[in-house]
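Report on one structure; see the data block that follows.
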Amino acid sequence: MANLNPIQLTSGDTEYFKKIGRIRYEGPESDNPLAYRFYDENRVVGGKTMREHFKFAVAYWHTLCGTGGDPFGAPTKQYPWLQAKDPVRQAKDKMDAAFEFITKLGLPYYCFHDFDLVAEADSLAKSERRLQAVGEYAKEKMAASGVRLLWGTANLFGHPRYMNGAATNPDFAVVAHAGAQVKMALDLTIALGGENYVFWGGREGYQSLLNTDMKRELDHMARFLHMAKDYARKNGFSGAFFIEPKPMEPSKHQYDFDSATVTAFLREHGLMKDFKLNVEVNHATLALHSFQHELQVAANAGLLGSIDANRGDYQNGWDTDQFPNNVYELTEAWLVILEAGGLQGGGVNFDAKTRRNSTDLEDLFHAHIGGIDTFARALLAADAILSHSKYRSIRSERYASFDTGEGQLFENGKLKLGDLAKIAKRNGEPALSSGRQELMENIVNRYV
Ligand code: XUL
Ligand code: CO
């Protein structure tokens, strides 16, 4: 590991990314790979600064904890902040590295699972003490840096006890344990002024329907979410709860399959007021949807809360969690986000990991800089399309027949099926009307 810093037990004054300073905006002409070429945090686009549009967050689990192991091989990355044996010491080293990284990138937020921050102990009481110790340290780091918590969550999928699910586990003892864990994660999120709280249902689903009472499990999940929400509200949490849809992996079928499924679940169980969606790119494509489709479904229901930024791989199906680099695709996504009025309470969390063979500490910077600049370009393009092109008018013209006359009566619920039959007979065969998709695609391409 010649390229890594020597291992040191830190007390908050170790610099982990020694060769790298503050990443700054240098403009599109810059040749500096350690600079932003498009993300200019104070630039105002469509009435808001880029910083406000995105609310970029670093994901603790990938960036600080991801060591490159996969089902076929051992970890490839021996990060210097993961070397201390004492769990709380290691957690503080990791947090030093985290805040150095986030502030060098100039980003405003981070996100974590409880046991990304510090290793889980062998009892709930001990884990709670560890989380409290690390929480105190986080408070200091956040106050000193101004970095805020976009959302916290609990890892309810890693430990063997959750192999049959957490809130949907057929064994009440496990459900109760999950409740204890969520209570601790909520306490920590609230103590750190977290703006939102996420539920990603990692093992809330099934492997086989033969051994699964789906209806009962879904009712348990709703009951559990109500309990968590009631507890948090009672303890002063005013942010949003987000459900993060994903169709499969690790479960064969996950209950939070996609935006439409989650919206129906929230509606059925009276959770629409407190919960919104955290839409992830690679989860959308795993569900055989585009990212923008998932965003639009969430927006239609008023539930577009936050996004997890990454991308999948076109040649294989699974959740590769690569950093975003496709300006065209993200421009289509930002068209949806801008037209929906932005993200409600959330931001853009880089739920993305460098590749197993990206072993330099610097790779973490290149990955984030690339992702951030891709988002900035997409926002600029989407804003230009909405303000300078015929994009909106071409689309609305397609629906012009509903703006007046009988079409308008239809929209307003004033016609019956028999009326449609009369109108159709009177009109004869409708003229063909082009969808003009290629024209629309060219408009997007012109601005990317
Ligand atoms: C897993 C995933 C999670 C959630 C948080 O696919 O996206 O990291 O974002 O639990
Ligand atoms: Co995610």
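Quick notes on this one:
- Candidate set from region 387-413 (those that are touching a residue at least 24 places away in the same chain (Cβ under 8 Å) and among the hydroxyl-bearing types (Ser, Thr, Tyr)); member that is surrounded by the most Cβ atoms within 10 Å (Cβ to Cβ): 391
- Flag for residue 319 being at pLDDT below 95 and either surrounded by fewer than 23 Cβ atoms within 10 Å (Cβ to Cβ) or touching a helix residue (DSSP H, G or I) at 6+ places or on another chain (Cβ under 8 Å) (or both): yes
- Residue 204 being within 17 Å of residue 283 (Cα to Cα), within 16 Å of ligand 1 (Cβ to nearest atom) and either small (Gly, Ala, Ser) or free of Cβ contacts under 8 Å to residues at least 60 places away in the same chain (or both): yes
- Pairs with Cβ under 7 Å, 6+ apart, first in region 234-250 and free of Cβ contacts under 8 Å to residues at least 24 places away in the same chain and hydrophobic (A, V, I, L, M, F, W, C), second outside any loop (DSSP other than H, G, I, E, B) and more than 13 Å from ligand 2 (Cβ to nearest atom): none
- Residues (open to solvent by less than 20 Å² (accessible area, probe 1.4 Å) and either hydroxyl-bearing (Ser, Thr, Tyr) or at pLDDT below 95 (or both)) located in region 198-209: 202
- Residue check, residue 275 among the aromatic types (Phe, Trp, Tyr), within 16 Å of ligand 1 (Cβ to nearest atom) and either open to solvent by 20 Å² or more (accessible area, probe 1.4 Å) or under 14 Å from the mean Cα position of the chain (by Cα) (or both): no
- Residue match in region 211-222 (condition: in contact with a strand residue (DSSP E or B) (Cβ under 7 Å, 6 or more places away or on another chain), open to solvent by less than 30 Å² (accessible area, probe 1.4 Å) and within 15 Å of ligand 1 (Cβ to nearest atom)): no
- One residue stands out among those in region 118-157 that are within 16 Å of ligand 1 (Cβ to nearest atom) and over 19 Å from residue 107 (Cβ atoms): the one that is most open to solvent (accessible area, probe 1.4 Å), which is 120.
- In summary, helices (runs of 4 or more DSSP H) completely within region 243-362 and bearing 1 or more residues that are within 14 Å of ligand 2 (Cβ to nearest atom) occur at 259-268, 281-286, 291-300.
- Residue in region 158-169 that is open to solvent by 10 Å² or more (accessible area, probe 1.4 Å) and within 16 Å of ligand 2 (Cβ to nearest atom) present: yes
- One residue stands out in region 414-448 among those that are acidic (Asp, Glu) and open to solvent by 50 Å² or more (accessible area, probe 1.4 Å): the one that is farthest from the chain's Cα centre (by Cα), namely 429.
- Any hit, region 186-197, residues being crowded, with 20+ Cβ neighbours inside 10 Å, polar (S, T, N, Q) and part of a helix (DSSP H, G or I): yes
- When residue 109 is tested against (1) more than 30 Å from residue 378 (Cβ to Cβ); (2) within 16 Å of ligand 1 (Cβ to nearest atom); (3) open to solvent by less than 40 Å² (accessible area, probe 1.4 Å), only condition (1) is not met.
- Taken over region 51-85, the criterion of being within 16 Å of ligand 1 (Cβ to nearest atom), touching a helix residue (DSSP H, G or I) at 6+ places or on another chain (Cβ under 8 Å) and over 19 Å from residue 15 (Cβ atoms) is satisfied by 56, 60, 61, 65, 67.
- Pair list, Cβ under 8 Å, 6 or more apart: region 109-134 residue closer than 19 Å to residue 160 by Cα and within 15 Å of ligand 2 (Cβ to nearest atom), other residue at pLDDT 95 or above and part of a loop (DSSP other than H, G, I, E, B): 113/154; 113/155; 116/64; 116/65; 116/155
- Residue 314 falls short on exactly one of the conditions (1) of a type in the set (Phe, Trp, Tyr); (2) surrounded by fewer than 20 Cβ atoms within 10 Å (Cβ to Cβ); (3) closer than 24 Å to residue 25 by Cα, and that condition is (3).
- From the options 251, 290, residue that is open to solvent by less than 20 Å² (accessible area, probe 1.4 Å) and of a type outside the set (A, V, I, L, M): 251
The values are calculated or read from the model by the stated rules, or taken from the named source; none is laboratory data. Small disclaimer: the values here were computed from a predicted structure and weren't measured. Using ideal geometry, Cβ is built from the backbone for each residue, glycine included, and neighbour counts are taken over all protein chains shown. Areas reflect the complete protein model, heavy atoms only, side chains present, ligands, DNA and RNA absent. Shrake-Rupley method; radii C 1.70, N 1.55, O 1.52, S 1.80 Å.
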